[in-house]
Structures are given as C-alpha cells and as structure tokens.
Amino acid sequence: MGAASRAMWAGLVLAALLLAQSPAAAALPRFAEAPEYRNGERCPAPVAAAGVCDPGLVHIAMTLDAHYLRGSMAAIYSLLKHASCPESLFFHFLAAEGGGAPAVADLRAAVAASFPSLRFEIYPFRADAVAGLISASVRAALEAPLNYARNHLADLLPRCVPRAIYLDSDVLAVDDVRRLWETRLPAAAVVAAPEYCHANFSRYFTEAFWNDPVLGARVFAGRRRAPCYFNTGVMVIDLRRWRVGNYRQRIEWWMEMQKEKRIYELGSLPPFLLVFAGEIEAVDHRWNQHGLGGDNVFGSCRPLHNGPVSLMHWSGKGKPWDRLDAGKPCPLDHTWKSYDLYIGENDSSASGQSRSALSSSAALPAGVFSW
C-alpha cells in the first residue's frame with residue numbers, strides 16, 4: 001500500500017473514530033398536524049417568482065433545538081392562527097449544527113409534517129462561532145450557543161430580507177403579528193422592542209461595571225433616551241442597518257470585555273443592553289407580556305401584567321411544557337397547552353389527532369385578553 005493510500009485510510013479511520021465518539025442526536029418528539037390557515041381576500045397576492053424576496057412577506061426568525069422544539073411548534077401555530085394573512089408569514093429558523101444537535105433534515109421534516117404549507121428555511125448555526133465568547137451565567141441554559149444566534153441573523157438571512165421579527169421559542173401570539181411587523185423604525189433606530197423603564201436597570205450589571213472609571217454610566221451617555229431594560233425575546237430588527245453598523249461585532253466586543261472584567265451575570269441579554277439600551281424604538285408592552293416563566297432560579301408562577309395582551313412570553317426558568325409534564329402547571333400554562341401539538345415520543349395512538357379537535361382546543365379563555 002502506497003503512502004497516499006495509507007494516508008487516506010488513516011484519515012477514514014480517524015473520521016470514523018470521531019464520529020463514534022460524537023454524541024448521537026436524540027430522536028425528535030412527535031407532533032400533530034396543525035389546522036391549515038389561508039389568506040383572506042384583502043391579503044397581498046404572493047409573488048411566486050420572488051420567493052423569500054417577496055416584498056409582501058412578514059419575516060419571523062426563531063431558533064430550533066430539541067428541548068425547545070415543543071415551544072417553537074406551539075409558537076408557530078399561534079402565529080398562524082391569529083395572522084390576518086398567514087400565507088404571507090415566512091419563518092427563518094436557526095438550528096445548532098453538530099454536537100449532538102438534531103439534524104437539520106430531521107427538524108425540517110418535523111416542521112413540514114405539522115405545517116405542510118408553511119414557508120420556511122433552516123439555517124445551520126455552528127457553536128464555534130460564539131463558543132469562545134460565552135461566559136458562565138446564573139443558569140446553565142443561558143450559556144447555550146444557540147442563545148447567541150440572534151446576533152448573527154443579518155449574516156445568515158438573505159440580503160433581500162429588509163427586517164425580521166425575532167421571537168424566542170417560549171412565546172405565544174394572540175394577535176396578528178403583522179401589526180408588530182409594521183412598527184415604524186426611525187432612521188436612528190436599528191431595533192424596536194417593548195421597554196420597561198420601571199425595572200431596576202442597574203441590576204443587570206455588576207458593581208465592578210458601575211464602579212469602573214471608564215464604564216458605568218459613561219457607557220450610556222449621549223444616547224437617544226435614558227437607558228431602560230428591554231427583553232431580547234421579542235424584537236423587530238432592521239437587518240440592513242444592523243449590517244451597516246456592524247452590530248454583531250459591537251455586541252461581541254462587550255462579550256470579550258466580560259471575559260476580562262466580569263461586568264454582568266445574565267447570559268446573552270446584557271451585551272444587547274450595552275449596545276442598544278436608550279437607542280431602541282419603544283413598542284407597546286402588549287407585544288411582550290414576559291416573565292411568565294418566573295425568575296431564573298425558581299421559575300415560579302406569575303400572572304399577566306395589567307393591560308392588553310398581544311404576545312405572551314414564558315421567559316424565566318419555568319417553561320409551560322415542563323410544568324405541564326411535571327403535573328405542576330401554572331394557571332397561564334393551560335392557555336399555552338391549547339396550542340401544544342405534542343403527541344409524545346412513541347404514542348402511535350395519538351397520531352390521528354384531528355385538525356378539528358386541535359382547532360377547537362385552541363380557543364382562548366374568555367376574559368383573559370383585552371384588545
């Protein structure tokens with residue numbers, strides 16, 4: 001056997017060993033097929049030849065992974081159910097690649113099986129794009145590389161997509177998302193999101209940050225408004241302005257700073273605040289009734305905030321599917337359950353769940369929401 005052949009075989013053996021040592025991707029859970037929703041007469045006619053570049057589309061970006069897939073499927077279902085023009089929604093899914101994550105082909109098959117007419121694309125996201133930038137957080141789940149994929153939206157989505165609504169997987173829409181899509185972004189703004197100026201903004205950063213002679217309040221001096229907390233689980237992002245302003249690099253600069261000085265404790269949120277607090281365009285609070293998952297330690301039950309609701313968000317440790325499975329649901333988890341398409345791991349008897357049954361089960365409880 002020549003040297004070239006020996007090298008080739010050595011490479012094949014090494015590749016086989018590496019493959020054997022890699023964690024296998026767990027089988028995905030099974031989901032029922034959702035009811036199908038069609039555009040009304042007043043919806044814009046699709047431009048078939050334009051594909052994802054159709055100017056009439058509403059672009060929604062989310063992540064997909066094994067544990068949160070159940071939440072993502074419920075979120076998709078709720079968005080379609082309440083959309084005035086459901087066929088105009090285009091979903092952009094970011095999925096982890098390698099490291100035991102589900103194969104993109106399996107995720108694609110799962111989504112297509114529950115939503116046969118859904119317009120969507122899946123973009124693989126490699127953990128090594130952010131692995132060296134992630135610091136330890138108060139909750140291990142916040143350290144997952146996919147939490148930082150939103151920073152890369154402008155790099156991954158097609159250049160013809162002008163803006164996107166980024167949504168976490170633990171949300172539920174109860175209003176037409178096109179209303180959020182049509183949020184006006186003035187020339188000075190790149191991101192629009194609900195702001196919560198009553199929250200204690202200082203607690204999102206360490207004492208070392210506030211006491212540093214070159215950091216602290218100086219970081220936010222000269223911004224459009226006083227800095228306020230906002231939740232990054234619901235954002236309208238102008239992707240073109242994001243690219244021009246190199247905002248991914250700006251966020252990563254703060255992640256590098258965190259490695260040196262430990263200026264925050266809470267995962268992917270603080271770098272966003274450092275770059276955008278005081279600069280975002282405020283959106284009505286109805287579009288992110290967040291905190292329904294409790295805090296990041298106990299995940300206790302929380303009620304809705306006062307006021308109208310367009311989107312519910314189980315941010316925090318407690319996820320509705322986990323609490324339901326544990327037999328310890330919070331009151332609002334039952335609302336989420338009405339959109340749950342989950343069948344089970346191996347429950348073939350439930351595979352025939354009908355569209356009509358799902359449609360009727362998704363009715364909203366009377367008196368919970370005001371418009």
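The values are calculated or read from the model by the stated rules, or taken from the named source; none is laboratory data. What you see is a predicted model, and the numbers here were worked out from it, not measured in a lab. Cβ: placed from backbone, ideal geometry, glycine included. Neighbour counts: every protein chain shown. Just so you know, the surface numbers come from the protein's heavy atoms only, side chains and all, with ligands and any DNA or RNA stripped out. Shrake-Rupley method; radii C 1.70, N 1.55, O 1.52, S 1.80 Å.
Measuring nothing but protein heavy atoms, the accessible surface of region 58-344 at 1.4 Å probe radius is 52 percent carbon and sulfur. Label zone of E345 (point 7 Å out along Cα→Cβ, amide N under 17 Å): in region 49-67 this covers 66-67.
Counting only Cα atoms, region 58-344 measures 55, 44, 40 Å along its principal axes, largest extent leading.
Sites listed here are trypsin sites (Lys or Arg not before Pro) in region 141-201 whose DSSP assignment is loop and whose Cβ has at most 14 other Cβ atoms within 10 Å: R159, R184.
First check a/c for region 165-300, with a ≥ b ≥ c the square roots of the eigenvalues of its C-alpha gyration tensor; if it is under 1.5, answer rounded, and if not, answer prolate when a/b is larger than b/c or oblate otherwise. Here region 165-300 falls in the oblate category. List the relative contact order of region 58-344 as a percent without decimals, with contacts defined as Cα pairs under 8 Å and 6+ residues apart. The normalised contact order for region 58-344 reaches 22 percent. In sequence order, region 157-169 has phi-based couplings of 6, x, 5, 7, 7, x, 8, 8, 8, 8, 10, 5, 7 Hz under the Karplus curve 6.51 cos²θ - 1.76 cosθ + 1.60, θ = phi - 60°, and Gly or Pro positions carry x.
Dividing the mean sequence gap of close Cα pairs (under 8 Å, 6+ apart) by how many residues region 204-289 holds gives a relative contact order of 48 percent. For region 72-183, the Kirkwood estimate of the hydrodynamic radius, built from every pair of different alpha carbons, is 15.5 Å. Computed from label points 7 Å out along Cα-Cβ, the spacing between A112 and S300 is 4.7 nm. The stretch between V104 and R203 holds 31.8 nm of extra length on full extension. This uses 0.36 nm per residue minus the Cα-Cα distance. For the peptides 60-70, 116-126, 214-224, residues were scored by their other Cβ atoms within 10 Å and the scores averaged per peptide; the highest-first order is 60-70, 116-126, 214-224. Each Lys and Arg adds +1 at its Cβ and each Asp and Glu adds -1 at its Cβ; summed about the Cα centre, region 58-344 shows a dipole of about 500 debye.
Taken about its Cα centre, region 261-346 carries a charge dipole of roughly 240 debye when the Cβ of each Lys and Arg holds +1 and the Cβ of each Asp and Glu holds -1.
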